[in-house]
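Notes for the one structure printed next.
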Amino acid sequence: MVKNSSRIELSQSALQGNINFLKKQIGPNVKLSCVIKANAYGHGIESYVPMAEKAGVNHFSVASSAEAYRVKQVCRPATRVMIMGILYDEDLDWVLENEVEFYVFHYKRLEKAMAIAEKMEKPAQVHLEVETGANRTGLILESLEKCLKLMKANPQHFNFIGLCTHFGGAETFANDFKIQKQYKRFKDYYKCCQKNKVLPQIRHLASSAAALSFAASRFEMVRVGVAQYGFWPSPDVYYYHLTLKNKTIETGLRRLFTWKTEVMDVRQVKEGEFIGYGTAYQATHDMTIAVLPLGYSNGYPRGQSNRGHVLIHGKKAPICGLINMNLFMVDVSHIPDVHIGDAVVLIGRQKNNVINVASFTESTQLMNQEMMSRLPADIPRTVVR
Ligand SMILES: *Cc1c(COP(=O)(O)O)cnc(C)c1O
């Protein structure tokens, strides 16, 4: 194997702490589904799934059949996988064969699944998603009733696992008006199931924010994405939690993630010389510069040009000039004895210093999730203690 120009380390103990914390918040009667769409928010599905299983997770949610396929290659046989988003008709055979759970937001999807279930003599693992006010995907009341009738008439072909919906913005408390409306509508859809005498095994609508701040919305399962990776969904949710627990600080969630590389070259630059492309950076004094072997094509945001910093020998080294496609330069004039091969931390801790994903968010306007999920899949992810 040849070596990639950067590497990501994932902390098993941090993840264990996060899962324990989340389970404690939601209580013993609520199931935890870990949302690992977008390559596990950049953490890497293949490395992350076994880690999470070890930490006590046995249900994963993904956005597509392609992601479900990747999970199934690495997960334990008994682990459940649920597709919340795009599922192509041509993948339905594979999905039913492998007992993958999936959202239904069209009546037609249910008919197609039934035809395959009949052929395979294997029931479809169905979650009916209902429209409560986010207006992305979901059945309206009339279509829900149609689905319920089909399932009631053909019980051998369906496992009606879940009734579900998604809050559009529970992380911002100013949205409460909308969120409460969605919550109420969701309960109305459940009444419709009761009326038709076709009941789901579970109900679920809460993602990280609602799971941590809106207890009544947890029902029988929560779908937690960003929080499992150690990020609070928003300041609203964080401070609500502190108030609720009468605390001034909460350390229950920790980042798992360290992104590292090494110094590729060290060079002297004379006062007045330019560094990298164009005239973006002119040396104001004689400088020592470290060259790093990655750039925007390797996931390091170009918006960090001339801003931001990395850690070398535990000290902050500011970025000089533009982020190139595969290189960028940092000022190490103030850090003694920097050599080729020295460890560089791009995100995470080194000695007493830390660079958060959030610091990228401020300079590049990328959301935490966006920054993480864009990290290229080919960067190797390794699990550390
Ligand atoms: C992404 C997603 C989640 C998880 O959201 P977080 O805010 O990261 O916890 C839950 N449910 C659905 C349908 C999603 O798309």
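Rounded to the nearest 500, the 222 nm mean residue ellipticity of the chain from helices alone is -9500 deg cm²/dmol, with -39,500 (n - 2.57) taken per DSSP H run of at least 4 residues. Does segment 202-243 come out rounded, prolate or oblate, given a ≥ b ≥ c as the square roots of the eigenvalues of its C-alpha gyration tensor, rounded meaning a/c under 1.5 and, failing that, prolate meaning a/b above b/c? Since a/c reaches 1.5 but b/c is at least a/b, the shape of segment 202-243 is classed as oblate. Relative to the longest principal axis of the Cα atoms of the chain, the long axis of helix 45-54 makes an angle of roughly 70 degrees. To the nearest 10 degrees, how steep is helix 141-153 against the longest Cα principal axis of the chain, on a 0 to 90 scale? The angle comes out near 60 degrees.
On the beta carbon distance between residue 184 and residue 284, with R0 = 45 Å, the FRET formula returns roughly 0.15. Electrostatic bookkeeping for residue 220 treats Lys and Arg as +1 and Asp and Glu as -1; over the other residues with beta carbon under 11 Å from its beta carbon, the sum is +3. When you restrict to C-alpha pairs under 8 Å that are six or more residues apart and normalise by the size of the chain, the relative contact order lands at 19 percent.
Charge tally around residue 301: other residues with Cβ under 15 Å, Lys/Arg +1 each, Asp/Glu -1 each, net +1.
Maximal additional length on extending the residue 277-residue 306 stretch stands at 9.3 nm, based on 0.36 nm per residue less the C-alpha distance. Tally Lys and Arg at +1 and Asp and Glu at -1 over the other residues with C-beta under 13 Å from the C-beta of residue 16: what net charge comes out? In short, +4.
Compared with the dominant principal axis of the Cα atoms in the chain, helix 176-196 is inclined by about 30°. Only protein heavy atoms count here; under a 1.4 Å probe, residue 281 has an accessible surface of about 50 Å². When the alpha-carbon atoms of segment 177-307 are used, the pair Rg, Dmax equals 25.3, 80 angstrom. Placing R0 at 35 angstrom, the Cβ-Cβ distance between residue 245 and residue 351 gives a FRET efficiency of 0.65 after rounding to 0.05.
Ordering 248, 172, 258 by accessible surface, largest first, gives 248, 172, 258; the 1.4 Å probe counts only protein heavy atoms, with every chain in place.
The relative contact order of segment 63-171 comes to 23 percent, based on Cα pairs under 8 Å that sit 6 or more residues apart.
Which FRET efficiency value, to the nearest 0.05, is calculated for residue 78 and residue 152 with the Förster distance at 30 angstrom and r the Cβ-Cβ distance? Between residue 78 and residue 152 the formula returns 0.55.
I'd like to know how segment 13-150 sits against the 2.2 N^0.38 Å rule of thumb: what's its Cα Rg over that expected value?
Normalised by 2.2 N^0.38 Å, the Cα Rg of segment 13-150 equals 1.12.
The values are calculated or read from the model by the stated rules, or taken from the named source; none is laboratory data. For clarity, every value in this text was computed on a predicted model and none was experimentally measured. FYI the Cβ positions are ideal-geometry reconstructions off the backbone, even for glycines, and counts take in every protein chain you see. These area figures cover heavy atoms from the full protein model, side chains too; ligands, DNA and RNA do not enter into them. Shrake-Rupley method; radii C 1.70, N 1.55, O 1.52, S 1.80 Å.
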